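In what follows, a structure is listed as structure tokens, so that the remarks can point back to it.
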Amino acid sequence: MTSSSDRSLAVDVQGSKSYEIRTYGCQMNVHDSERLSGLLEGAGYVRAPKDADGDADVVVFNTCAVRENADNRLYGNLGRLAPMKTKRPGMQIAVGGCLAQKDRDTIVQRAPWVDVVFGTHNIGKLPVLLERARVQEEAQVEIAESLEAFPSTLPTRRESAYAAWVSVSVGCNNTCTFCIVPALRGKEKDRRPGDILAEVEALVAEGVSEITLLGQNVNAYGSDIGDREAFSKLLRACGRIEGLERVRFTSPHPRDFTDDVIEAMAETPNVMPQLHMPLQSGSDTILKAMRRSYRQDRYLGIIEKVRAAIPHAAISTDIIVGFPGETEEDFEQTMHVVREARFGSAFTFQYSKRPGTPAAEMENQIPKEVVQERYLRLVALQEEISWEENKKQVGRTLDLMVAEGEGRKDGATHRLSGRAPDNRLVHFTKPEQEVRPGDVVTVEITYAAPHHLLAEGQPLAVRRTRAGDAWEKRNSADTAPADKPAGVLLGLPQVGVPEPLPAATGGCAID
């Protein structure tokens, strides 16, 4: 809980009310929460302290619906806020995101102290709905059935000064049997290339040096605008933007991974040598049951082509263990793909029912103890491979973008942390000169662990960057006197793909 002085500071700045946003789920939700922050700050609210824990004038839940217990988690959190709201006149609670889109009126029925329920298609309405609920003194439930405005047209309060998400599309045209996202976010809708590039250029002008192109199925970009090579063209266009040092994207679908994309990755210097491509299962039988429109040979063929074109590429994936009907032979096929692909890392999930999906109603649900045993075997194999692949980095000289908040032990070890071009996390010795998040340091890797690398000698070089300048400016603004609040900025909560990556199959497989 915050102290009374912290609360009064949050509430009294220029008469503003405080807000807190709690985000669950995939990268798209994280990006949407940045939009919600921008909308609320544009309406005069100020962010509550990080440890507010519900002690704010407005608490927003940006929900996820992909896990079986998602609703239990939400209602448990809402229940804990009910007595706090009783003690704090004027406090408002809003629920948005995928669970709100799915459950609609049910939320207010089960938690009548909720003031606003809004969906995935109308996040821009939040400030209006909050005011309407206050004036009318009754809950406002507004769920749009189709997208009202592309999220990137909304104001944004980004969490990073030097790295940013950029949405290229929303929605998904796939029908994976374990995923409810297409039903909640709708069919794929692409942005115009000019709008995307204009946003990237604006971000770079503000000091951003790394962007991550984001979509539920990012490399299907172009299907809505009738251009099968639109995504590779977009990557090449990003390569021509002066000042943009790093380009990443997540998450692609193997079905849409074409040779022109691989060529664009290899030939565009600022597109990073990194690929996160969900596998989900190595069994053709299970892939068919999942309605994943590729098979093992196709998947491994893509990996082979990427490695031939980009030898140092780090490849990561998502895998679901225990999908209904999975036999021991099916599971062994997944283990085979893991051995062949040699992923740098893998985000592994024990299958759990997603209410409203076909897989939840399938026969031959696998007993929990069987799923757990397979899961542990898979994790052990991947840990071994990750460590072996990381050991290959020892002795290499790498340019790291200094990151903020990625090394939990940095204070105790007197180190800093950064991301290599392939997105590996590296902890390095703090240099003698000042270095800021967004700056670039050159180091030699001296030690490898399964999930990180160490550079124990002094950095070989330090390059101060415009991104570091942007971080310094943002940090100064955030610590300025209360009568000079920081402004709302454009469109990644942390550098590169977040660690750990909120792994999702087109935004699906996240808790």
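The values are calculated or read from the model by the stated rules, or taken from the named source; none is laboratory data. Values in this document were obtained by computation on a predicted structure and should not be read as measured data. Heads up, the Cβs are rebuilt from the backbone with ideal geometry, glycines too, and the neighbour counts pull from every protein chain shown. Heavy atoms of the whole protein, side chains included, go into the accessibility calculation; ligands, DNA and RNA do not. Shrake-Rupley method; radii C 1.70, N 1.55, O 1.52, S 1.80 Å.
Of note:
- Flag for Pro421 being open to solvent by 60 Å² or more (accessible area, probe 1.4 Å), modelled with pLDDT of 95 or more and not β-branched (Val, Ile, Thr): no
- Some residue of the stretch 237-250 being closer than 17 Å to Thr317 by Cβ and not in a strand (DSSP E or B): no
- Of everything in the stretch 424-447 that is under 16 Å from Arg463 (Cβ atoms) and polar (S, T, N, Q), the residue that is surrounded by the fewest Cβ atoms within 10 Å (Cβ to Cβ) is Gln433.
- For Arg292, the requirement of being within 27 Å of the chain's Cα centre (by Cα), over 26 Å from His451 (Cβ atoms), in a loop (DSSP other than H, G, I, E, B) and of a type outside the set (A, V, I, L, M, F, W, C) is met.
- Filter pass, Glu340 being part of a helix (DSSP H, G or I), among the charged types (D, E, K, R), modelled with pLDDT of 95 or more and out of contact with any helix residue (DSSP H, G or I) (no Cβ under 9 Å at 6 or more places or on another chain): no
- Checked against (1) in contact with a Leu (Cβ under 8 Å, 6 or more places away or on another chain); (2) open to solvent by 10 Å² or more (accessible area, probe 1.4 Å); (3) farther than 22 Å from Glu472 by Cβ, Ile225 meets all criteria but (1).
- Test: residue in the stretch 127-139 that is touching a helix residue (DSSP H, G or I) at 6+ places or on another chain (Cβ under 6 Å), open to solvent by less than 10 Å² (accessible area, probe 1.4 Å) and modelled with pLDDT of 85 or more: no
One line per residue, one yes/no per condition, for (1) under 25 Å from Ala470 (Cα atoms); (2) not hydrophobic (A, V, I, L, M, F, W, C):
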{"residue": "Ser209", "(1), (2)": "yes, yes"}
{"residue": "Leu213", "(1), (2)": "yes, no"}
{"residue": "Gln216", "(1), (2)": "no, yes"}
{"residue": "Phe231", "(1), (2)": "no, no"}
{"residue": "Leu234", "(1), (2)": "no, no"}
{"residue": "Gly239", "(1), (2)": "yes, yes"}
{"residue": "Leu244", "(1), (2)": "yes, no"}
{"residue": "Thr250", "(1), (2)": "yes, yes"}
{"residue": "Pro254", "(1), (2)": "no, yes"}
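- Any hit, the stretch 466-475, residues being buried (at least 19 other Cβ atoms within 10 Å of the Cβ), assigned to a strand (DSSP E or B), over 18 Å from the mean Cα position of the chain (by Cα) and modelled with pLDDT of 95 or more: no
- Summed over the stretch 339-387, residues that are over 20 Å from Phe178 (Cβ atoms), over 22 Å from the mean Cα position of the chain (by Cα) and open to solvent by 30 Å² or more (accessible area, probe 1.4 Å) total 11.
- So Val181, is it at pLDDT 90 or above, within 21 Å of Ala65 (Cα to Cα) and β-branched (Val, Ile, Thr): no
- Qualifying position, being of a type in the set (A, V, I, L, M, F, W, C), part of a strand (DSSP E or B) and buried (at least 20 other Cβ atoms within 10 Å of the Cβ), among Ile302, Ile320: Ile320
- Selection status of Ala164, buried (at least 21 other Cβ atoms within 10 Å of the Cβ), among the small types (Gly, Ala, Ser) and assigned to a helix (DSSP H, G or I): no
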